[in-house]
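I have placed the structure first, in the form of structure tokens, so that the comments after it can refer back to it.
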Amino acid sequence: MATFPSILVQPFNRTYDLQRDASSAATMLTGVQVQYKHGPRVGNAPFSFVFTNLRLAQADQISAHYREQKQHKGFQIPQIIWASHPSLYDVTSASQEYRYSAPPRRSTNQAGLYDVTVEFVTMF
């Protein structure tokens, strides 16, 4: 299994929406709505990370990872990316897999370094 590059930089900004869990609903003959949970993983939840002030080599690592994975292969995010988050796995489980929902966006900032935005969705 591939892993997102450990570029040793924390994202400047993280956004995510965890409203989509691995569940489905059914209505019983009595009219009662039943929710079935299919597992601990969150599915199709969007994540966005913004990395600022990256060196070219770090930005290239992210681009190379995208070229290998495209938008259909799953990968995990290493602990280093979550290190400054209040609790390492309070958002998703340690075994959560992700896939890209869009190619990484790269821009050059005033310091001559790169800002890279990556967008993922969780996989079941």
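Summary of values
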quantity	calculated
Average projection area in nm² (convex hull over Cα atoms of the range 2-123, one quarter of hull surface)	8.6
Built amide H within the under 5 Å cut-off of Asn53, gap 5+	Tyr114, Asp115
Residues in the range 98-124 reached by a label modelled at Leu56 [backbone nitrogen below 18 Å; 7 Å Cα→Cβ]	106-116
Fraction of antiparallel bridges per DSSP, the range 2-123 only, in percent to nearest 5	95
Ellipticity estimate at 222 nm from DSSP helix runs (n ≥ 4, -39,500 (n - 2.57)) divided over the chain, nearest 500	-4000 deg cm²/dmol
18 Å cut-off, amide nitrogen to a point 7 angstrom out along Met1 Cα→Cβ, residues in the range 53-94	66, 69-83, 88-94
Note, ³J(HN,Hα) from phi for the range 7-16, Karplus 6.51, -1.76, 1.60, rounded to Hz, x at Gly and Pro	7, 6, 10, 7, x, 5, 9, 10, 10, 7
Rounded to 10°, Cα long-axis angle of helix 56-69 versus longest principal axis of the chain	40
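Read-outs throughout are calculated quantities, based only on the coordinates presented, and are distinct from any laboratory measurement. From a predicted model like this one, the values you see are computed outputs, not experimental measurements. Reconstructed Cβ throughout: ideal geometry from the backbone, glycine too, with neighbour counts over all protein chains shown.
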